[in-house]
Amino acid sequence: MAAVKPLRPVKREPAATVIAVRLTEAIMDGTLAPGTQLGEAELAGQLGVSRGPLREALQRLVQQGIAISEPHRGVFVTRLDEDDVRDIYLARTAMESAACRLVLKQDPQRTARRLARVHRTMASAARRGNHTALSRADMDFHYALVEESGSPRLKRIAETLFVETRMCLSALHCDHPDPDAMVEEHQGLIDALREEDEPLLLRLLEDHMLDAVDRLTAGNATAGPLPEEAAG
């Protein structure tokens, strides 16, 4: 009788990684609002962890730019102002445009099919008036686009930029004023991808990003910090 090959042990993620993910989720959904101090003692107690891995997790957030370490004061959730919003979407436009170009050189029809599946979820959320699900599907759509590029570096960049995007949306409690228009915009991206029309795809993507900036900055002419009531 042949010997049974033993299964490999399941690798446990380092505690700092798990803690960093938990804190990032809390920052994205607004539980930890911009400007909130990330006190080690309080967080360690809430999460039931020791300070060592918590401190490492906080440093990861600082390295990602979603938290800031102030000497002699501690670590705080980053506050984003209107210049940050514009810069985030400028970086996203560059990143997702690069992803589009890579996708068009590989298998654009496969990517279009994947995006269409996410788009159906988006359309369903819009019909139900579920803005939370609509926002989640929006982020899933763009993450899928970047993932389809096959570039691990674009994917790493996307992970940070999408966290910052969620921070903007959460801090400003920003919903799309016309969910049906949002669904239509994403359908246009899929159609351009199916047609393998690079100029149109890139133009629609840029327009989509500029529209988001206009909504998040509320058309204000000058840059400034996000409203205190929105930032907690």
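Worth pointing out:
- Highest-MSF residue in the chain out of 84, 191, 178 [GNM, Cα springs under 10 Å]: 178
- Phi to ³J(HN,Hα) by Karplus 6.51 cos²θ - 1.76 cosθ + 1.60 over region 81-96, Hz, x for Gly, Pro: 9, 5, 5, 5, 4, 4, 5, 4, 6, 5, 5, 5, 4, 4, 5, 6
- Taking amide hydrogens as placed 1.01 Å from N in the peptide plane, the amide H of residue 36 sits under 5 Å from those of 77, each at least 5 positions away in sequence or on another chain.
- Calculated FRET efficiency for the pair residue 211/residue 153, C-beta based, R₀ 35 Å, to 0.05: 0.85
- Fully extending the segment from residue 18 to residue 200 would add 61.5 nm, taking 0.36 nm per residue of separation and subtracting the current Cα-Cα distance.
- A straight line joining the Cα centroids of region 44-73 and region 74-123 runs 27 Å.
- Residue-wise HN-Hα coupling along region 205-214, computed from phi with Karplus coefficients 6.51, -1.76, 1.60 (Hz; x: Gly, Pro): 5, 5, 4, 4, 5, 5, 5, 5, 4, 4
- Normalised convex hull volume, the chain, alpha-carbon set, Å³ per residue: 183 Å³
- Largest mean-square fluctuation among 122, 28, 209, in a Gaussian network model of the chain whose springs join Cα atoms under 10 Å apart, belongs to 209.
- Projected over every direction and averaged, the convex hull enclosing the alpha-carbon atoms of region 15-77 yields 3.8 nm².
- If the convex hull is drawn through the Cα atoms of region 7-133, its volume per residue in Å³: 207 Å³
Taken together, the values in this text are just the output of simple stated rules run on the coordinates, not laboratory data. Quick caveat: nothing in here was measured; it's all calculated off a predicted structure. Positions of Cβ are backbone-derived with ideal geometry, glycine not excepted, and every protein chain shown enters the neighbour counts.
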